[in-house]
Number of protein chains: 2
Amino acid sequence: MTVQRRLVLDALQRARHHTTAEEIARQIRARHPQIDPSTVYRNLEALEELGYVTHTHLDDRVTRWHRADVERHGHLVCRRCGSEQEIPLRTLEPLGRRLRSEQGFRADLAHSAIVGICRECAP
Amino acid sequence: MTVQRRLVLDALQRARHHTTAEEIARQIRARHPQIDPSTVYRNLEALEELGYVTHTHLDDRVTRWHRADVERHGHLVCRRCGSEQEIPLRTLEPLGRRLRSEQGFRADLAHSAIVGICRECAP
DNA sequence: GTCACTATTGCCACCACTTGCGATAACCTT
DNA sequence: AAGGTTATCGCAAGTGGTGGCAATAGTGAC
Ligand SMILES: [Mn+2]
Ligand SMILES: [Mn+2]
Ligand SMILES: [Zn+2]
Ligand SMILES: [Zn+2]
């Protein structure tokens, strides 16, 4: 556990919910400018491997990181207005069971947001 | 309809299935080296707006493009071995209906692959 | 405590785009 | 066919993230 890794973990504790790596790097570099952004990225991966953090993908190319101990949940994101909504994993579980039994595939349905059109934007 | 846009559309017709923008740019620039990659990216977006093409996301940072008239389908991708599998949209429809009725959300379940562990990699 | 070994780091170049800008091409109107 | 308007283009710089590499820090064995 290096000081760099400690700083990344601390930043994740402070942020309650899906932060970006860039935001974490910005915070750390405010006090420790010698720490390289690539070190932050690598430590997020390492901490994920160790089971401390996980990530999800919304509809852009930016990965969202959070502590592993927050309750897992799915995301709906509107491709029109960009709004994000959280949904209980329970809603997604029937599909998970189906993919498991029909294809032998253990889906991680919280990993990527479901993209679509939200109620407000519906035509 | 500029010659650049025509070339992008032609490249998509030749490739039967989820190509990358980089691959299309490579093909076009082999014959027309003055055409900039950014023109390819912008034309893919324009053609999507016009309804000719769509895109999907697998588990990397690369966007996959295809003609809009190919049969829509879902993707399963294994985060362990990277294997990709196509599944009929029919399998995903029950979830789509549920999100529609419970949240008023019109999900596009073919837009992002479902990430998980495939049968071969299961522990 | 010293030494060896391994993990991690900062730096840099790259990747897959994205965006701003001034130049050019497409398309209307007359 | 010419002129004006708008869309699109090539170029170059920027963004979020990845990967190689040599230097350094952490760790554990003696
Ligand atoms: Mn998308
Ligand atoms: Mn991921
Ligand atoms: Zn919306
Ligand atoms: Zn697999």
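Computed from the coordinates by the stated procedures, all read-outs in this text should not be read as laboratory data. None of the values given here were measured: they were computed from a predicted structure. A quick note on method: Cβ atoms are made from the backbone with ideal geometry, for glycine too, and the neighbour counts reach across all protein chains shown.
In the protein assembly as shown, what % of DSSP beta bridges are antiparallel (nearest 5)? Here the antiparallel bridges make up roughly 80 percent for the protein assembly as shown. For the protein assembly as shown, pairs of C-alpha atoms spaced more than 33 angstrom apart make up 29 percent of the total.
Within 10 Å of the Cβ of each residue in B:24-37, the mean number of Cβ atoms contributed by other protein chains is 0.
With charges only on Cβ, +1 for K and R and -1 for D and E, what is the dipole size of segment A:3-67 about its Cα centre, in debye, rounded to 20?
300 debye
With its label point defined 7 Å out from Cα along the Cα-to-Cβ axis, A:E22 lies at 2.0 nm from the matching points of the other copies, in increasing order. Computed extension length for A:R29-A:C81: 15.5 nm, one decimal, from 0.36 nm per residue of separation with the Cα-Cα distance subtracted.
Annotation: amide H-H contacts under 5 Å for B:T19 (H modelled 1.01 Å from N, sequence separation of 5 or more, or interchain): B:W65.
GNM on chain A, alpha-carbon springs under 10 angstrom: the most fluctuating residue among A:E71, A:E84, A:E23 is A:E71. Can you give the % of DSSP beta bridges in segment A:73-116 that are antiparallel, to the nearest 5? Within segment A:73-116, antiparallel bridges account for around 60 percent of the total. The charge dipole of the protein assembly as shown, taken about its Cα centre with unit charges on the Cβ atoms of Lys, Arg (+1), Asp and Glu (-1) only, comes to about 40 debye. Taking the Cα centre of chain A as reference, the dipole from Cβ charges on Lys and Arg (+1) and Asp and Glu (-1) amounts to some 100 debye. For B:Q103, the label point sits 7 Å beyond Cα toward Cβ; its separations from the matching points on the remaining copies run 1.9 nm, from shortest to longest. Taking every DSSP bridge with both residues inside chain A, close to 75 percent are antiparallel.
Size of segment B:3-67: Rg and Dmax of its alpha carbons, in Å, are 10.8, 33. Kirkwood hydrodynamic radius computed over chain B comes to 16.0 Å, based on all pairs of distinct alpha carbons. Label-point spacing for B:D36 across the identical copies (point 7 Å from Cα in the Cβ direction), in nm and ascending order: 3.0. Between A:C78, A:L109, A:P94, the Cα set farthest toward the positive side of the dipole of segment A:73-116 (charges on each charged residue's Cβ, about the Cα centre) is that of A:P94.
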